[in-house]
């Protein structure tokens, strides 16, 4: 794992408050004669933005509750696009969950700086997690505020059967990728399952495609030192390539969201799908027999690269009435037992060291994350600002796909955003 640098509040929030106050930071207590020694049984509220993980967490929570019979976990996920607003509203009104899923890097660190999170440095086992992984949930005060879940990667998934039937192989260059897409389109097959309705999917897709334009770390080093900027030829080319792919997207792609994209690919109506490692489980659930593989992004200099970052972590609400019990769950999260449960349940790379899975694609992602990784720039380095530079890129790319902005105007907007807060650009 390479070392990473890290750097809609809604006006109508009444519904959000009503949703979260039912399982507030106080949790609940009931008398319990069962379990080890009887005593009070505590129910901890645990919030997440991963609705699709609900069934998977049942197995993980069951394992924790078996070892901690006086602690119950009430797992409640929210729609990803609404989670931040619901969570922030709840925390500000002192009614947040006991345990909360924390966005990685700047968004999560901002909650720590606001005093909403409990430091976790003394949680047993947390010191075994590498510092560059913990960095995604480490505050500017040097304290750790979240136990990381996984190491994510983004890549092109592809249908091996469709490729073989049309004499195609995983592309080794940008030109080969375009030629592959052209061949598929001529055969009447949707080349790339893609949608522009949800902004975060645009920055995610850009995170896959962009590293091909700057080939390795030299450009990143210059960027982070202020020796280059986001109007550079390399970054402009990455946006131009996002535009170049438009002919190979589905019809009406601007109105498609993640569920549409996932279904289009899983039902074999599209040959490729740009997305993250966290989609692997969902794809396989929809179609367990899908002949699935992925390829890393081919770079301009003939290599390949996998965009990686540390995904969300779980944190403890500083105002929880049951910190001791919540911290017990944090301790569980830092164990190899949790890591193995998580990795195999969700088909993802665990943040806990020494964990492998029974899925060859996950292991392939893990290997490439070690040998051919590049950081997800907009998450790791440019997730600050108001709005964040990441959000600015998403909005600008949506504008480009609606025909309102040129690639040159997109990078101008992104650079303008970063220049308001990114220290190397303020020299």
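The values are calculated or read from the model by the stated rules, or taken from the named source; none is laboratory data. Values in this document were obtained by computation on a predicted structure and should not be read as measured data. Glycine also receives a Cβ, built like all others from the backbone with ideal geometry; neighbour counts cover every protein chain displayed.
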>> Please determine whether any residue of the range 223-234 is under 22 Å from residue 296 (Cα atoms) and buried (at least 17 other Cβ atoms within 10 Å of the Cβ).
In response: yes
> Tell me, which residue of the range 352-361 that is touching a helix residue (DSSP H, G or I) at 6+ places or on another chain (Cβ under 7 Å) and modelled with pLDDT of 90 or more is surrounded by the most Cβ atoms within 10 Å (Cβ to Cβ)?
Replying inline: 352
> Can you list the helices (runs of 4 or more DSSP H) found entirely within the range 1-115 that contain at least 2 residues being at pLDDT below 90, out of contact with any helix residue (DSSP H, G or I) (no Cβ under 7 Å at 6 or more places or on another chain) and over 28 Å from residue 351 (Cβ atoms)?
Replying inline: 14-21
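Can you tell me which of 151, 184, 177 is in a strand (DSSP E or B) and at negative phi? Lay out the reasoning, then the answer.
Values: 184 fails: in a strand (DSSP E or B); 177 fails: in a strand (DSSP E or B).
Going through 151, 184, 177 in turn, the sole match is 151.
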>> When you scan the range 321-343, do you find a residue that is within 20 Å of the chain's Cα centre (by Cα), buried (at least 18 other Cβ atoms within 10 Å of the Cβ) and part of a strand (DSSP E or B), even just one?
In response: no
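Could you look through the range 242-255, keep only residues that are in contact with a helix residue (DSSP H, G or I) (Cβ under 8 Å, 6 or more places away or on another chain) and not in a helix (DSSP H, G or I), and pick out the one that is nearest to residue 206 (Cα to Cα)?
Pass one, the range 242-255, residues in contact with a helix residue (DSSP H, G or I) (Cβ under 8 Å, 6 or more places away or on another chain): 242-248, 250, 253-254.
Narrowing the set further to residues that are not in a helix (DSSP H, G or I) leaves 245, 250.
On the way: 245: 11, 250: 18 Å.
Taking the candidates together, the pick is 245.
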>> Name the single residue that is surrounded by the most Cβ atoms within 10 Å (Cβ to Cβ) among those in the range 371-385 being in contact with a strand residue (DSSP E or B) (Cβ under 9 Å, 6 or more places away or on another chain) and outside any helix (DSSP H, G or I).
In response: 376
>> Can you pull out every residue in the range 344-365 that is assigned to a loop (DSSP other than H, G, I, E, B) and more than 19 Å from residue 275 (Cα to Cα)?
In response: 351, 352, 353, 354, 355, 356, 357, 358
> Are any of the residues in the range 190-210 more than 22 Å from the chain's Cα centre (by Cα) and surrounded by fewer than 17 Cβ atoms within 10 Å (Cβ to Cβ)?
Replying inline: no
>> Exactly one condition in (1) modelled with pLDDT of 90 or more; (2) out of contact with any strand residue (DSSP E or B) (no Cβ under 6 Å at 6 or more places or on another chain); (3) more than 30 Å from residue 114 (Cα to Cα); (4) crowded, with 23+ Cβ neighbours inside 10 Å is false for residue 390; which is it?
In response: (3)
> Which residue pairs have Cβ atoms closer than 7 Å, lie 6 or more positions apart in sequence or on different chains, and pair a first residue in the range 81-95 that is on the phi > 0 side of the Ramachandran plot with a second residue that is in a loop (DSSP other than H, G, I, E, B) and surrounded by 22 or more Cβ atoms within 10 Å (Cβ to Cβ)?
Replying inline: 94/25
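Got a number for residues in the range 289-317 being in a loop (DSSP other than H, G, I, E, B) and either at pLDDT 95 or above or buried (at least 19 other Cβ atoms within 10 Å of the Cβ) (or both)? Can you show your working first?
We begin by selecting, within the range 289-317, every residue in a loop (DSSP other than H, G, I, E, B); these are 289-291, 296, 299-303, 311-312.
Applying the additional criterion that residues be either at pLDDT 95 or above or buried (at least 19 other Cβ atoms within 10 Å of the Cβ) (or both) yields 289-291, 296, 299, 311-312.
Residues flagged as in a loop (DSSP other than H, G, I, E, B) and either at pLDDT 95 or above or buried (at least 19 other Cβ atoms within 10 Å of the Cβ) (or both) within the range 289-317 amount to 7.
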